[in-house]
Each structure stands twice: as structure tokens, then as C-alpha cells.
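The values are calculated or read from the model by the stated rules, or taken from the named source; none is laboratory data. Please read all numbers here as calculations on a predicted model, not as lab measurements. As a convention, Cβ positions derive from the backbone with ideal geometry for all residues, glycine included, and neighbour counts pool all protein chains shown. Keep in mind that these areas ignore ligands, DNA and RNA; they rest on the heavy atoms of the full protein, side chains included. Shrake-Rupley method; radii C 1.70, N 1.55, O 1.52, S 1.80 Å.
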Amino acid sequence: MATTGKPIKCKAAICWGPNQPLSIEEIEVAPPKCREVRIKIVATGICRSDDHVMSGAISDMKFPVILGHEAAGIVESVGEGVTDLKPGDKVIPLFVPQCGKCRCCLNPESNLCYKNDIGKYNGVLLDNTSRFTCKGKVIHHFISTSTFTEYTVVDEIAVAKIHKDAPLDKVCLIGCGFSTGYGSAVNTGKVKPGSTCAVFGLGGVGLSVVIGCKVAGASRIIGVDLNNDKFAKAKEFGATECINPKDYKLPIHEVLAQMTNDGVDYAFEVVGNTTVMTSALQSSHFGCGKTVIVGLAPSTAKMTFDPLLILTGRMLVGAVFGGWKSKDDVPKLVCDYINKKFEFDGLITHNLPFDKINEGFELLRKGESIRTVLMF
Ligand code: COD
Ligand code: ZN
Ligand code: ZN
């Protein structure tokens with residue numbers, strides 16, 4: 001390519017600091033160094049975690065930063081030593097990398113590679129430097145990805161090659177929201193055929209949990225949300241019933257106990273609220289019920305519950321990115337999508353040109369969108 005080995009000038013949305021809109025600027029993207037890959041982003045979704053940063057909820061974030069972590073694109077060029085990718089390949093960046101060597105990567109039961117930048121927010125690539133500059137300032141990377149830009153650079157362990165026929169404007173959701181919810185049901189929860197599930201929170205991730213429960217063969221999938229507007233879509237994706245805690249005098253776990261002969265087999269918390277986490281645990285059946293935490297609670301929040309709930313045989317588990325080993329599993333999820341094992345196009349309620357990124361965040365904050373996908 002004509003651009004190989006040279007810096008690229010392109011458009012990006014910069015987050016200069018919390019509580020201000022993103023600003024579209026011209027940036028310079030340096031060529032990839034050893035074991036790095038420069039990607040032309042084609043489509044990127046707007047996700048809750050990006051909004052958490054913008055609203056200042058993540059206190060140790062480094063600014064300025066290019067946010068965005070759910071995307072699909074095409075390899076522009078590769079650095080020295082990259083063997084599994086070449087220019088023109090379709091790819092999905094991975095906000096949980098997979099180095100293949102650390103304790104978590106070597107454990108078949110874990111997926112949280114030591115090389116991840118979640119919770120640390122160093123905002124640099126593995127060589128401790130950034131590839132982005134704007135107006136002479138260094139701009140930070142975000143959780144190994146940074147996709148609110150026409151071009152990004154990622155470490156080789158943070159990008160997966162996907163099928164050449166994959167529609168990038170759809171499979172970008174496999175980069176975060178869909179896979180997080182779907183994997184929470186099929187990997188972390190290991191939902192069994194014929195079981196009863198409750199899903200607390202019916203946003204894009206909760207709906208993806210519903211899809212996972214359905215693919216796993218659950219016979220009842222009960223959606224729980226404070227917003228009745230979420231119920232129609234939940235039923236389209238496979239919820240068999242939906243309930244709103246506001247419609248009952250009894251606590252919601254008692255309502256669920258009455259509906260399910262003493263409690264559900266699997267309860268999923270997809271809100272990010274510690275009170276809801278405890279409700280989910282209380283909703284699960286003694287002796288065998290499993291509760292999966294998917295939501296991220298505020299950093300100072302503490303979950304409290306009677307330990308007898310656990311002593312009497314309930315399980316409490318959680319995982320990031322639905323437990324998927326990203327580099328291995330993302331290509332398989334894309335093939336499953338192409339082969340119609342599941343369908344999630346309906347999660348994309350809005351498409352906007354990249355320049356309208358701030359409108360996309362407004363739709364998310366007002367609860368009007370499930371997913372907005374930005375196109376370059
Ligand atoms: N009870 C029931 N439902 C509730 C309650 C409540 N008390 N409060 C809010 N809700 C509903 C809302 O009405 C809404 O429908 C839903 O919960 C939340 O949906 P969204 O659209 O705000 O969010 P999602 O589905 O896009 O994401 C939810 C997460 C909890 C997964 C997300 O916010 C999160 O915590 N992400 C961090 C965890 C993670 O894995 N991140 C990876 C990178 S994003
Ligand atoms: Zn996300
Ligand atoms: Zn690793």
C-alpha cells in the first residue's frame with residue numbers, strides 16, 4: 001500500500017477530558033512497530049464503557065484519549081514479525097487481548113489475559129508508547145483498541161482475523177456487546193437445555209444474554225427491566241415472559257420464586273447495580289442456582305448478601321467479554337453469525353456517519369438506542 005511505513009493523517013474523535021463532547025480532529029497515526037497492526041476502521045459501535053469514561057466515572061483514565069472498543073475493519077499494514085495478518089484482511093480489534101502465554105491464557109477456564117489494559121488504563125500499546133498525535137500532543141489509546149478513528153494501531157495479540165465474507169457493519173458487535181452477553185449465557189453460565197433463566201437488564205448486552213439462553217435451549221427466559229419499552233424486543237429475541245419490578249409490591253426475587261417453583265436455574269445481572277446483583281442471587285434456586293454478574297458496578301460500590309445463600313448451594317460467577325478467549329473465539333463467532341447460528345442485527349437500532357458520534361452518545365443516554373453503529 002502507498003501508506004505502508006508512513007504516518008497517516010485522518011479523522012478521529014478525541015476525548016480531551018471528562019464531561020465534554022468528543023471533538024472530531026485531524027490526527028496523525030504512526031506506522032505499526034514490531035508485532036503491531038494498523039487497521040482502517042469501517043464500522044464501530046457505541047458502548048456503555050465509552051460513555052462511562054466520557055462521564056468521568058473512571059477516575060484513573062488518562063486524557064486525552066481516543067475511545068471506542070467495539071469495531072470491525074481492514075488491515076492497512078503490519079509491523080515486523082506479524083505472521084497471521086496481511087493488508088486487506090478483515091479484522092475485529094480485541095479489548096481483551098490473548099497473548100497465549102500468561103497464566104490466564106494457559107488456563108482453558110479463563111480469558112482475562114494479563115496483557116489487558118482494563119482497570120489499569122495505561123493508555124499505551126505493549127511497548128509503553130502511543131501511535132497517535134494531534135496538534136503536537138500525544139493521544140492515549142483505550143483498552144488495547146481505540147476505534148473512534150479512521151485508522152488505529154493495535155498489538156498483534158489484540159486483533160483477530162475474521163471471515164472474508166463478514167459484513168463489517170454488523171459483526172462489529174462481536175467486538176463487545178453481543179459476545180459479552182451471549183458468552184455470559186453459553187460460557188460463564190453454561191445454561192443447560194430445558195432450564196429456567198432470568199435476565200435483569202434488557203439493554204444490548206442483556207438482549208444478547210437472552211439470545212445465548214435461547215441458543216443453549218433454555219425453556220423459560222424471563223426478562224426483568226424497569227422500562228416496559230424494552231419488552232417487545234426482548235420477546236423478539238427469545239424472552240418467554242417479561243416483568244417490571246415496579247408492577248409488584250413483593251420484592252422481585254419473591255415474584256420470580258412464585259413464577260418458577262422456588263427460583264430460577266440461572267440469573268444474569270446485566271445492569272451494573274449491586275442491589276440488582278443481590279436480587280439476582282436471591283432469585284436463583286437453592287442447591288443448584290447459578291448467578292452470573294455481567295454488569296460493572298461503580299468502583300466504590302460493595303455487594304452485600306447473606307452468605308447462607310451460598311452455603312445452601314447457589315453459585316455466583318462473572319466474566320469479562322463473556323469468557324471468550326478473544327483471538328481464538330472471535331473468528332468462530334463471526335462464522336457462527338454467517339452460518340446463522342444466531343441473529344443479532346435487530347440490536348442495531350441506529351446507524352450514523354462517524355461525524356455524528358456525539359448524537360449517538362445522546363441516543364444511548366436517553367435510552368432511545370440499543371446500539372448505534374457509526375460508519376466511516
Ligand atoms: N432493574 C432492572 N433493570 C434495570 C434496572 C433495575 N434496577 N436499572 C436499569 N435497568 C435496565 C435499563 O432500563 C436498561 O434497559 C438496562 O437495564 C441496561 O441497559 P443499557 O442499554 O444501559 O446497557 P447495556 O446492555 O449496553 O450494557 C449493560 C452493562 C451492564 C453490560 C454495561 O453497562 C456494563 O456494565 N459494562 C461493563 C462490563 C463489561 O463487560 N464491559 C465490557 C466493555 S463494555
Ligand atoms: Zn463495550
Ligand atoms: Zn495472556
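Under the condition of being touching a Ser or Thr at 6+ places or on another chain (Cβ under 9 Å) and on the phi > 0 side of the Ramachandran plot, the residues counted in the range 33-86 number 1. Being open to solvent by 10 Å² or more (accessible area, probe 1.4 Å) and more than 16 Å from ligand 3 (Cβ to nearest atom) is a condition met by at least one residue of the range 35-42. Looking across the range 75-93 at every residue that is assigned to a loop (DSSP other than H, G, I, E, B) and touching a strand residue (DSSP E or B) at 6+ places or on another chain (Cβ under 7 Å), the one that is most open to solvent (accessible area, probe 1.4 Å) is identified as LYS86.
Considering only the range 82-114, state which residues are within 26 Å of ILE27 (Cα to Cα) and either more than 16 Å from ligand 1 (Cβ to nearest atom) or of a type in the set (Asp, Glu) (or both).
VAL82, LEU85, LYS86, PRO87, GLY88, ASP89, LYS90, VAL91
In this structure, LEU352 does not qualify as surrounded by 20 or more Cβ atoms within 10 Å (Cβ to Cβ), over 19 Å from LEU296 (Cα atoms) and touching a Gly at 6+ places or on another chain (Cβ under 9 Å).
Evaluating LEU112 against the criteria (1) open to solvent by less than 30 Å² (accessible area, probe 1.4 Å); (2) within 16 Å of ligand 2 (Cβ to nearest atom); (3) in contact (Cβ under 8 Å) with a residue 40 or more places away in the chain leaves one unmet condition, (1). From the list GLY123, GLY119, the one residue that fits, being open to solvent by less than 50 Å² (accessible area, probe 1.4 Å), without any contact (Cβ under 8 Å) to a residue 24 or more places away in the chain and under 28 Å from GLY183 (Cβ atoms), is GLY119. Which ones in the range 133-157 are over 15 Å from LYS9 (Cα atoms) and over 14 Å from the mean Cα position of the chain (by Cα)? Answer for the range 133-157, where residues must be over 15 Å from LYS9 (Cα atoms) and over 14 Å from the mean Cα position of the chain (by Cα): HIS140, HIS141, VAL154, ASP155, GLU156, ILE157.
Once the range 289-309 is narrowed to residues that are of a type outside the set (A, V, I, L, M) and open to solvent by 70 Å² or more (accessible area, probe 1.4 Å), the residue that is farthest from ligand 3 (Cβ to nearest atom) is ASP306. Of all residue pairs spaced 6 or more apart or on separate chains, those with beta-carbon atoms under 9 Å, a first member in the range 132-143 that is under 19 Å from LYS33 (Cβ atoms) and open to solvent by 10 Å² or more (accessible area, probe 1.4 Å) and a second member that is of a type in the set (A, V, I, L, M) and part of a strand (DSSP E or B) are THR133/ILE27; THR133/VAL29; THR133/ILE139; HIS140/VAL65. Applying the criterion of being open to solvent by less than 10 Å² (accessible area, probe 1.4 Å) and not in a strand (DSSP E or B) to the residues of the range 55-74, the residue that is farthest from LEU374 (Cα to Cα) is ILE66.
Here the range 13-34 is the region considered, the condition is being hydrophobic (A, V, I, L, M, F, W, C) and open to solvent by 30 Å² or more (accessible area, probe 1.4 Å), and the residue that is farthest from GLU368 (Cα to Cα) is CYS34. Within the set GLY177, GLY194, the sole residue that is more than 16 Å from ALA234 (Cβ to Cβ) and either touching a Ser or Thr at 6+ places or on another chain (Cβ under 9 Å) or within 16 Å of ligand 3 (Cβ to nearest atom) (or both) turns out to be GLY194. Against the numbered list (1) within 16 Å of ligand 3 (Cβ to nearest atom); (2) β-branched (Val, Ile, Thr); (3) outside any loop (DSSP other than H, G, I, E, B), THR133 comes up short only at (1). If VAL209 passes every condition in (1) within 23 Å of ASN244 (Cα to Cα); (2) more than 16 Å from ligand 2 (Cβ to nearest atom) but one, which one does it miss? Only one criterion is unmet by VAL209, namely (2). Identification of helices (runs of 4 or more DSSP H) wholly contained in the range 304-376 with 3 or more residues that are over 18 Å from VAL171 (Cα atoms) and of a type in the set (A, V, I, L, M, F, W, C) yields 308-311, 357-365.
Looking at the range 185-202, which of its residues are out of contact with any Phe, Trp or Tyr (no Cβ under 6 Å at 6 or more places or on another chain), buried (at least 24 other Cβ atoms within 10 Å of the Cβ) and more than 17 Å from CYS288 (Cβ to Cβ)? Of everything in the range 185-202, those that are out of contact with any Phe, Trp or Tyr (no Cβ under 6 Å at 6 or more places or on another chain), buried (at least 24 other Cβ atoms within 10 Å of the Cβ) and more than 17 Å from CYS288 (Cβ to Cβ) turn out to be PHE200, GLY201, LEU202.
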